[in-house]
1. Measure up 101/141; 46/128; 56/115; 46/78 against 21 Å on the Cα-Cα distance and list the ones that go over.
2. Find how much the distance from residue 96 to residue 151 grows on full extension, using 0.36 nm per residue of separation minus their present alpha carbon separation; answer in nm with one decimal.
3. So how much slack lies between residue 113 and residue 49, counting 0.36 nm per residue of separation and subtracting their Cα-Cα distance, in nm?
4. Under the rule of at least 5 residues apart or a separate chain, name every residue whose amide H is placed under 5 Å from the amide H of residue 7.
5. In whole Å, how far is the Cα centre of the range 59-92 from that of the range 140-170?
6. Once amide H atoms are placed 1.01 Å from N in the peptide plane, what residues at a sequence separation of 5 or more from residue 159, or on another chain, have their amide H within under 5 Å of its amide H?
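Any read-out appearing in this document is the output of simple, stated calculations on the displayed coordinates, not a laboratory observation. Since we're looking at a predicted model, the values are computed, not measured.
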Amino acid sequence: METNNLILNPDGTVLIGVSSNANAVIIPDGVREISNGALYNCTSLKEVTMSDTVTKIGAHAFMGCINLKIVKLSNNVKTIGNCAFRDCSSIENIELPKTVKEIGDLTFYGCTSLKEIDFPQSLSFIGKASFYGCTSLETVKLNANIQNISFKAFNVCSSLKTMYCGVKNIEETIFDPQTFDGYAYHQCKLLTDNIRLCEKHKILGKFERIELDPRANNNAVTNELVDTVAEISMTA
């Protein structure tokens, strides 16, 4: 089934591909899924707009779309698959909807123009190397409900200046030991209102500058943490 250069499955609910070198793609109402590799290596693509009926973006869906700059996600996307936007090196900003629960492995790997990412409260899982090599990424805001940040998720993010970590469920949250490997984070400031997060997850000792929210219990700062962090301060 073909509609406006889009190749859909017989009932029109799954986008399978595009029939020509499109510059802009509008995914219409009724499409619920973008299939694996649907627009893989579509180097002519510059803009994509998704209908709010889309709930799933498959693996490798937009991988290698090196000129893709504008992405307007469906407000109802729940899952973004492995490598979905890998090597989309022109994307500067992407707004994740409030429904996203999971970002797959290598999803934004090599998105070298991406500058900022704000994770919605719905997100609980960040996959392996999902932002590896995002060398323009300056700000990351982790929400209170993150449960798992996987292997090398933020490796080689060499421009990272500020990371806000609002994780609350400390005992159940998993930081892979190599989540932040591959770059010396002396230039990045970690902002948090929960010092126990830093004590529980030693990986956060890679950040030499930690700034605590005034609500944090300053008496809870241990000597061990002070020994591994160059600067601990309170926000105004």
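1. Over 21 Å apart, Cα to Cα: 46/128; 56/115; 46/78.
2. 17.7 nm
3. Residue separation times 0.36 nm, minus the Cα-Cα distance, leaves 21.1 nm.
4. Under 5 Å from the amide H of residue 7: 16, 17, 18, 19.
5. Spelled out, the Cα-based centre of one part sits 20 Å from the other.
6. 137
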